[in-house]
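What follows is a single structure, written as structure tokens, with notes after it.
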Amino acid sequence: MTHQKKYMSKQIIVVAGGTGDLGGRIIKALLNKGAEVRVLVRSTSDIKKISHLEQIGADVKAIDMTSEQEISSACSGATCVVSALAGLHDVVIDAQKVLLNGAILAGVPRFIPSDYSLDFTKFKDGENRNLDLRRAFHQYLDSTSISATTIFNGAFMDMLTNEIPMIIFKKKLVLYWGNADHKMGFTTLDDTALFTANVALEESTPRYLRIAGDQISPREIREVMNKLSGQKFRLLRTGGLGLLSIIIKIARKISPGKTDLYPTWQGMQYMRNMMDERATLKTIDNNRYADMKWTMVKDLLSNHKLN
């Protein structure tokens, strides 16, 4: 079902975390759709980033992000608060609680938490540190009166060309753990941002929405690379998920990275989750909005220098 709504007046959407990559894209998507966007930033935020946001039409509010009252004042009249905050316990739980409380104090009816990940409702605590934090925040979020919507987008597809060690372009390899035919969900940052903007502007949305620009297996990624490059890529199974779990434990002991947002083992945890059958999306909400034109893995990789 496609949801296409018209609004009589310009809506005010508040975005926190707007100086980050995804947050900036969400702001741009909202502005393109005619929304009035207020961006909450710390007084210590990068001046150049603030200037850029103001130049594209956002109303930037430099406030004390630890003050529920200041957040409440900045959220006055808003119909939705979108969080794109990134961090560990002090941000995902502590700072988001203050943001949420400020939104509730201002009477904002809707809240989108900073999840943007695979569906972590299927996983248990201890399997992925960063997802554990989001699940913990949900316990508080769901105890409040505000209407919340979480967006699950799998993994950011953009990372396939650099951060995710899966496609080794120079060696013509596609590495994987577990089952070569297991389909993983990927969505680009831009598609996730546009979908989020649509959700923020809709009057009412479900508690969870699940999207995937593409659902593709390691074997299918190899076939995409073969067609795009005109060369032969090889599949290389680096081991099963059990072995990956052991490697993660060793990596955490060698380099705990307790204060790092993305230590090496955290990326391994996410890959293990991605290759787990529990991450498989049974249904997706890709058709919810008519203006969504989803980027597939072959589209992303066709624009990447393959050699």
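The values are calculated or read from the model by the stated rules, or taken from the named source; none is laboratory data. If you're wondering where the values come from, they're calculated on a predicted model, not measured in any experiment. Here the Cβ positions follow ideal geometry from the backbone for every residue, glycine too, while neighbour counts run over all protein chains shown. Ligands, DNA and RNA are stripped out before the accessible areas are found, and what is left, the full protein with its side chains, is counted by its heavy atoms. Shrake-Rupley method; radii C 1.70, N 1.55, O 1.52, S 1.80 Å.
Taken together, the residues in the stretch 168-205 that are among the hydrophobic types (A, V, I, L, M, F, W, C), open to solvent by 10 Å² or more (accessible area, probe 1.4 Å) and touching a residue at least 60 places away in the same chain (Cβ under 8 Å) amount to 7. Scanning the stretch 128-145 for residues that are open to solvent by less than 20 Å² (accessible area, probe 1.4 Å) and free of Cβ contacts under 8 Å to residues at least 60 places away in the same chain yields PHE137, HIS138, LEU141.
Could you check HIS304 against (1) part of a loop (DSSP other than H, G, I, E, B); (2) surrounded by 16 or more Cβ atoms within 10 Å (Cβ to Cβ) and say which number it fails? Condition not satisfied by HIS304: (2).
Return yes or no: is GLY242 open to solvent by 30 Å² or more (accessible area, probe 1.4 Å) and small (Gly, Ala, Ser)? Yes: the conditions hold for GLY242. For the stretch 206-224, the tally of residues that are farther than 28 Å from SER83 by Cα and either buried (at least 23 other Cβ atoms within 10 Å of the Cβ) or among the β-branched types (Val, Ile, Thr) (or both) stands at 4. Out of the residues in the stretch 44-69 that are among the acidic types (Asp, Glu) and either touching a His at 6+ places or on another chain (Cβ under 6 Å) or open to solvent by less than 70 Å² (accessible area, probe 1.4 Å) (or both), which is farthest from LEU100 (Cα to Cα)? This residue is ASP59. Just one residue in the set MET268, MET274 is free of Cβ contacts under 8 Å to residues at least 40 places away in the same chain and buried (at least 18 other Cβ atoms within 10 Å of the Cβ); that residue is MET268. Residues that are under 26 Å from the mean Cα position of the chain (by Cα) and of a type outside the set (Val, Ile, Thr) number at least 3 in the following strands (runs of 3 or more DSSP E) confined to the stretch 186-263: 208-210. Condition first: open to solvent by 10 Å² or more (accessible area, probe 1.4 Å) and in contact (Cβ under 8 Å) with a residue 24 or more places away in the chain. Now tell me which residues in the stretch 111-125 satisfy that. Selection gives TYR116, THR121, LYS122, PHE123. In the stretch 70-89, the condition of being among the charged types (D, E, K, R), surrounded by 14 or more Cβ atoms within 10 Å (Cβ to Cβ), within 21 Å of the chain's Cα centre (by Cα) and over 20 Å from VAL199 (Cα atoms) is met by no residue. Applying the set (1) assigned to a loop (DSSP other than H, G, I, E, B); (2) hydrophobic (A, V, I, L, M, F, W, C); (3) farther than 21 Å from THR205 by Cα to ALA78 leaves exactly one unmet item: (3). Test LYS282 against the stated conditions and say whether it is over 30 Å from GLY34 (Cα atoms) and either touching a residue at least 12 places away in the same chain (Cβ under 8 Å) or in a helix (DSSP H, G or I) (or both). No.
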